[in-house]
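Below you'll find the structure, written out as structure tokens, and then a few comments.
The values are calculated or read from the model by the stated rules, or taken from the named source; none is laboratory data. It should be emphasised that the depicted structure is a prediction, and the values quoted were computed from it without experimental measurement. In this analysis, Cβ positions are derived from the backbone assuming ideal geometry, glycine residues included, and neighbour counts consider all displayed protein chains. Only protein heavy atoms, including side chains, enter the accessible area calculation; ligands, DNA and RNA are left aside. Shrake-Rupley method; radii C 1.70, N 1.55, O 1.52, S 1.80 Å.
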Amino acid sequence: MGPALSFLLILGAMSAALPAWAGGEEAANSRVVEAYIEMRTHPGRNYPVFYVAERGETIELLKRRTDWIKVRNHRDIEGWVHVNDIGRTVDASGSPLGLHSPDRESFANRGWEFGFMLGSLDKTDAISAYAGYQFTPNLALEADYTENYGDFSDGRMLSASVVHQMFPQSRYSPFFTLGGGARQTNPRSTLVDTDDRTDGVASVGAGLRIYLTGRLLLRLQYKHYVVMTDRDDDEEAGEWKIGISAFY
Amino acid sequence: MENRHKRFLLGIAAALLAAGATAQDVVQVIEPEVERREIITPDIDTENFELGFFVGMISIDDFASEPVYGVRGAWHLSENWFFEANLGAAEVDLTSYEKISGGAPLFKDSERDYNFYNLNVGWNLLPGEIYFSENRAFKSDLYLLGGVGATDFLGDTWFTATFGIGYRLLVNDWIAWRLDVRDHIFDRDSFGEDETTHNVEWSTGVTFFF
């Protein structure tokens with residue numbers, strides 16, 4: 001049940017992002033102070049503007065999807081407004097709402113990071129999904145699940161690592177990583193039967209995060225693994241990966 | 001003379017300044033106790049996740065086309081990009097060879113389960129609207145997908161690449177109908193030598209945004 005397990009892991013990682021979604025029972029209101037704001041029929045910049053809310057109008061903020069907020073005005077007209085426009089409206093006390101679409105500053109101040117990567121682990125195809133939490137601007141904790149598929153065996157690996165980035169404000173942010181975990185190796189069924197085995201692993205690595213746009217970032221990394229087998233010699237393996245991630 | 005004039009003018013200037021200063025003392029100065037305004041970001045319900053199921057047919061290389069079903073979840077990052085995860089299952093019958101030869105089956109029943117998962121990046125290539133009536137328009141997206149995953153089949157797990165195109169029609173803000181065509185590509189050596197297989201999935205499903 002490899003696929004099922006990994007899917008659950010991913011769902012688990014995704015649901016970790018949900019605290020940010022919980023709540024929001026009270027309807028938030030805001031007042032237009034710019035000359036006007038445009039309301040569109042659907043959340044997207046290609047959709048037509050069908051209504052313009054004027055200065056002084058109060059609008060109710062209903063829900064948000066990506067960078068668009070659904071609003072309702074006093075005439076019960078509902079439409080979608082870009083979050084940057086909503087960010088320039090004010091609340092009851094007259095302060096701006098301070099909402100904006102994710103940008104490089106949000107990247108520097110990110111909390112959660114989720115992504116998946118593709119590459120080569122010891123000359124076999126490898127894919128992985130990971131989730132990380134940035135608990136200081138420089139340090140993050142990450143959990144990573146990797147599967148690799150070789151000609152002679154498949155492997156699954158679960159590991160945790162500490163990731164240190166030197167330049168959190170930079171668009172190109174290099175990092176070092178140190179971790180450990182467990183690896184399971186399953187020899188191919190076409191080979192003479194050998195047993196599955198599970199070994200401890202330790203890893204050290206370095207990489208680069210590159211902020212792309214919105215919530216997206218590109219991630220390149222190299223990790224060097226030591227697999228602590230119960231044979232005479234430990235195995236060593238190198239892993240190159242490229243991945244795409246989103247932050248929250 | 002000049003000096004005296006200067007002194008006189010300076011004297012007046014000094015007197016005026018002093019008067020100004022005393023006048024300022026009388027003026028009520030606003031106490032600098034302004035309450036600090038904190039920018040409170042309102043809690044707005046976000047609906048960036050999509051979860052649902054799909055059913056369809058998958059044509060499995062060397063076997064027949066079989067029903068496939070599974071669950072599908074997505075995280076919308078922007079109006080253009082989303083991440084998607086799928087988990088699906090199908091089951092195959094005998095290969096054509098097994099049927100014709102009438103010999104002993106090549107695989108155990110448990111090895112005939114076709115289970116897969118994949119992680120994709122999706123791009124909403126053609127966001128649009130379709131019009132049902134004068135006042136009713138529904139949001140739709142035509143999207144492209146590419147990703148990687150694994151397939152459990154014939155006793156082994158195979159590294160799988162997926163490519164697809166799909167169509168999502170939002171019935172209201174949070175219920176969507178989806179139509180997808182995806183190719184699951186993987187190399188397997190279950191019949192002795194390495195071969196690349198294309199397994200095309202046609203599916204439809206319903207998803208919910210939350």
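Here is how the numbers come out for the structure above:
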item: Carbon/sulfur fraction of accessible area - chain A, other protein chains in place, 1.4 Å, %; result: 57
item: Pairwise centroid distance, computed over Cα atoms, of the stretch B:99-114 with the stretch B:166-194, Å; result: 26
item: Exercise: per-residue mean of other protein chain Cβ atoms within 10 Å, B:147-153; result: 5
item: Simple label model, 7 Å out from Cα along Cβ direction - B:Val29 to A:Phe176, nm; result: 5.4
item: Reach of B:Lys139 by Cα under 19 Å, taken over lysines that are not fewer than 8 positions away in the same chain; result: A:Lys63, A:Lys70
item: Whole-angstrom gap from the stretch A:136-156 to the stretch A:195-233, using each part's C-alpha centre; result: 5
item: Shielding score for A:61-68, defined as the mean number of other chain Cβ atoms within 10 Å; result: 6
item: Highest-MSF residue in chain B out of B:Phe63, B:Phe153, B:Phe191 [GNM, Cα springs under 10 Å]; result: B:Phe191
item: Added length on full extension, which subtracts the Cα-Cα distance from 0.36 nm per residue, A:Asn84 to A:Glu60; result: 7.1 nm
item: Test item: B:113-120 mean partner chain Cβ contacts at 10 Å; result: 4
item: Of the chymotrypsin sites (Phe, Trp or Tyr not before Pro) in the stretch A:103-192, those whose Cβ has at most 16 other Cβ within 10 Å and which sit in DSSP loop; result: A:Phe135, A:Phe152
item: In the B-A interface, the accessible area buried, summed over both sides, Å² (probe 1.4 Å); result: 5100
item: Between 0 and 90°, nearest 10: helix B:2-26 axis offset from chain B longest Cα axis; result: 60
item: Packing-based order for B:92-102, A:73-83, B:128-138, using average beta carbon neighbours within 10 Å, highest first; result: A:73-83, B:92-102, B:128-138
item: Cα gyration tensor shape for the protein assembly as shown, rounded if a/c is under 1.5, else prolate or oblate; result: oblate
item: In degrees, nearest ten, helix A:2-15 long axis to first principal axis of chain A (Cα); result: 30
item: Carbon + sulfur, % of accessible area of chain B - ligands and nucleic acids excluded, 1.4 Å; result: 61
item: Cα shape, the stretch A:106-247, gyration tensor, a/c 1.5 rule; result: prolate
item: The stretch B:118-182: C-alpha gyration tensor shape, a/c 1.5 cut-off, then a/b vs b/c; result: prolate
item: Straight-distance crosslink candidates among lysines, where the alpha carbon sits under 29 Å from A:Lys123 and sequence neighbours closer than 8 are dropped; result: A:Lys223, A:Lys241
item: Convex hull volume of the stretch A:70-120 per residue (C-alpha atoms, cubic angstrom); result: 143
item: Among A:Gly179, A:Gly111, A:Gly44, residue whose mean-square fluctuation peaks in a GNM of chain A (springs only between Cα atoms under 10 Å); result: A:Gly44
item: Average accessible area per residue (Å²) across chain B - probe 1.4 Å, nucleic acids and ligands excluded; result: 56
item: Given charges at Cβ of Lys, Arg, Asp, Glu: the stretch B:90-210 dipole, positive-most of B:Tyr117, B:Ala137, B:Thr204; result: B:Ala137
